[in-house]
Amino acid sequence: MQPQQPAPRAVPESAETLRPTASAVGAPDSPPAGEAGTSDEPNISGTAGTTGNVTYSATVDGDSAAPGESGTTDRARPQERHDDTPHPAEWIDIAVVQFGPYTDKAANLAALREHVRAATEHGAKVVVAPEYSMFAVTRLDERVVAAAEPLTGEWVSELRGLAAEFDVHVVAGVVETPGGEDAGRIYNTLVAVGPDAEFAAIYRKVHLYDAFGFRESEVVAPGPIAEPATFTVDGVVFGLQTCFDLRFPESCRRVAAAGAHVLLLPAQWIPGPGKLDQWTTLLRARAIENTVYVAAADHCAPRGAGASMIVDPSGTLLAELTDSPGIAGSRVDLDHLRRVRATNPSLSLRRFTIEP
């Protein structure tokens, strides 16, 4: 039975006006025996050997690091940004969040809130959280179906309030009820919400993880094949893809061809032999072949491989995390992107188009 698909990129109407949230600080609940847990409190000291880290990278002219700032993992926390001077819409600071959501939705939201707070203190205007930020397990089962909510539900409404509270765009993975005749499955959905607490973009995962011994399609319905989900902040165009979509270059190419400057890729990249190398290789390949920035947010260990990162359009690693909770940030510089595309005009030289 095919799932009843909603209208492409439909934006739900909230039942009430949303206000900035003031969620209590908390951590996801402890996993049962046999599933190791991890602390999700963001470590803003960045000291090596602690449970998390904060990295930040910025460019002065698009090619070199700003004085005193580095994209190297586990460096000391840089000075907080308080640049209130007007600037042309040619660059924007972004951050990826890596944490360990589990089965307590309220605790997941509280942990995410603290990471978003830390990212905005570093000047980030777009913050990307992992796939399944709302509710996560190692293997999908009936717990995920029971936890699902509509996009007008409490968790997404609180996420919208969080974005308004910190005056930031937030992208996060949620477990959405599809409704209709496919009530036994869920949508694996990304929502992008803005400082106005409204939806900026919605993407429902198309390529399901039926690989490496997993069968995501048993619990998740594929999203509709629609126009690429994008949104714009300060003149920078962001496009959405999710986890396993990374293995399909034509899917990411559609996003780039739609005008995206940055590919945002929330994931729960399940650990396994060779998986970390595949993750880092594919992320850099998607950046190089499409001449776009790539910002990928993964789960921390043990339910994810970690290595959340930001890559520039030439494949250069700008910021990266280990497998611990933390945030990594960098600057998206459109002038740098134009120079890369002038040197490597692969998008303008392509001879084939992508059609669904």
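The values are calculated or read from the model by the stated rules, or taken from the named source; none is laboratory data. All values derive from a computational prediction rather than experimental measurement. Here Cβ is always computed from backbone atoms with ideal geometry, including for glycine, and neighbour counts include all displayed protein chains. Note: accessible area is taken over every heavy atom of the protein model, side chains too, but ligands, DNA and RNA are not part of it. Shrake-Rupley method; radii C 1.70, N 1.55, O 1.52, S 1.80 Å.
What number of residues within segment 81-106 satisfy the criterion of being at pLDDT 95 or above and open to solvent by 10 Å² or more (accessible area, probe 1.4 Å)?
To start, the set of residues in segment 81-106 that are at pLDDT 95 or above comprises 91-106.
Next, from what is left, pick out any that are open to solvent by 10 Å² or more (accessible area, probe 1.4 Å): 91, 103-106.
So the count comes out to 5.
Residue pairs whose Cβ atoms lie under 8 Å apart, separated by 6 or more positions or on different chains, with the first residue in segment 328-354 and touching a residue at least 60 places away in the same chain (Cβ under 8 Å) and the second open to solvent by 20 Å² or more (accessible area, probe 1.4 Å) and in a helix (DSSP H, G or I), are Leu347/Ala257; Leu347/Arg341; Thr353/Ala257; Ile354/Glu250; Ile354/Arg253; Ile354/Arg254; Ile354/Ala257. Residues in segment 285-303 that are open to solvent by 40 Å² or more (accessible area, probe 1.4 Å) and either within 16 Å of the chain's Cα centre (by Cα) or acidic (Asp, Glu) (or both): Glu289 alone.
Being under 19 Å from the mean Cα position of the chain (by Cα) and farther than 15 Å from Glu176 by Cα is true of Thr232. Within segment 169-223, the residues that satisfy the criterion of being touching a Lys or Arg at 6+ places or on another chain (Cβ under 6 Å) and farther than 18 Å from Glu142 by Cβ are Thr189, Val193, Ala197, Ile202, Gly223. Among residues of segment 157-177 that are open to solvent by 10 Å² or more (accessible area, probe 1.4 Å), those with a Cβ under 6 angstrom from a residue that is assigned to a helix (DSSP H, G or I), sequence gap 6+ or separate chain, pair up as Glu158/Leu109; Phe166/Val116; Phe166/Thr120.
The rows are residues; the columns are (1) open to solvent by less than 10 Å² (accessible area, probe 1.4 Å); (2) in contact (Cβ under 8 Å) with a residue 12 or more places away in the chain; (3) outside any strand (DSSP E or B).
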| position | (1), (2), (3) |
| --- | --- |
| Pro195 | no, yes, yes |
| Tyr209 | no, yes, yes |
| Phe214 | no, yes, yes |
| Ser217 | no, no, yes |
| Gly223 | yes, yes, yes |
| Ala226 | no, yes, yes |
| Phe244 | no, yes, yes |
| Gly259 | no, yes, yes |
| Trp269 | yes, yes, yes |
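For segment 184-193, what are the residues that are in contact (Cβ under 8 Å) with a residue 40 or more places away in the chain and either more than 22 Å from Gln268 (Cα to Cα) or assigned to a strand (DSSP E or B) (or both)?
Residues of segment 184-193 that are in contact (Cβ under 8 Å) with a residue 40 or more places away in the chain, as a first pass: 185-186, 188, 190-192.
If the condition is that a residue be in contact (Cβ under 8 Å) with a residue 40 or more places away in the chain and either more than 22 Å from Gln268 (Cα to Cα) or assigned to a strand (DSSP E or B) (or both), then Ile186, Asn188, Leu190, Val191, Ala192 are the ones that fit.
Determine whether Gly274 is modelled with pLDDT of 95 or more and more than 19 Å from Phe212 (Cβ to Cβ).
Values: modelled with pLDDT of 95 or more: yes; more than 19 Å from Phe212 (Cβ to Cβ): no.
The answer is no for Gly274.
Looking only at residues of segment 307-354 that are surrounded by fewer than 19 Cβ atoms within 10 Å (Cβ to Cβ) and basic (Lys, Arg), we find that the one that is farthest from Ala111 (Cα to Cα) is Arg351. For residues that are in a strand (DSSP E or B) and within 19 Å of Glu121 (Cβ to Cβ), tally how many sit in segment 302-317. Adding up the residues that qualify gives 1.
Within segment 183-193, which residues are open to solvent by less than 20 Å² (accessible area, probe 1.4 Å) and either among the polar types (S, T, N, Q) or more than 20 Å from Thr232 (Cβ to Cβ) (or both)? Scanning segment 183-193 gives Ile186, Tyr187, Asn188, Thr189.
Counting only residues that are among the aliphatic types (A, V, I, L, M), in contact (Cβ under 8 Å) with a residue 60 or more places away in the chain and surrounded by fewer than 21 Cβ atoms within 10 Å (Cβ to Cβ), segment 144-156 holds 1 of them. Restricting segment 107-143 to residues that are basic (Lys, Arg) and part of a loop (DSSP other than H, G, I, E, B), the residue that is least open to solvent (accessible area, probe 1.4 Å) is Lys125.
Scanning segment 271-301 for residues that are part of a helix (DSSP H, G or I), among the charged types (D, E, K, R) and either more than 28 Å from Arg338 (Cα to Cα) or out of contact with any Leu (no Cβ under 7 Å at 6 or more places or on another chain) (or both) gives Lys275, Asp277, Arg284, Glu289.
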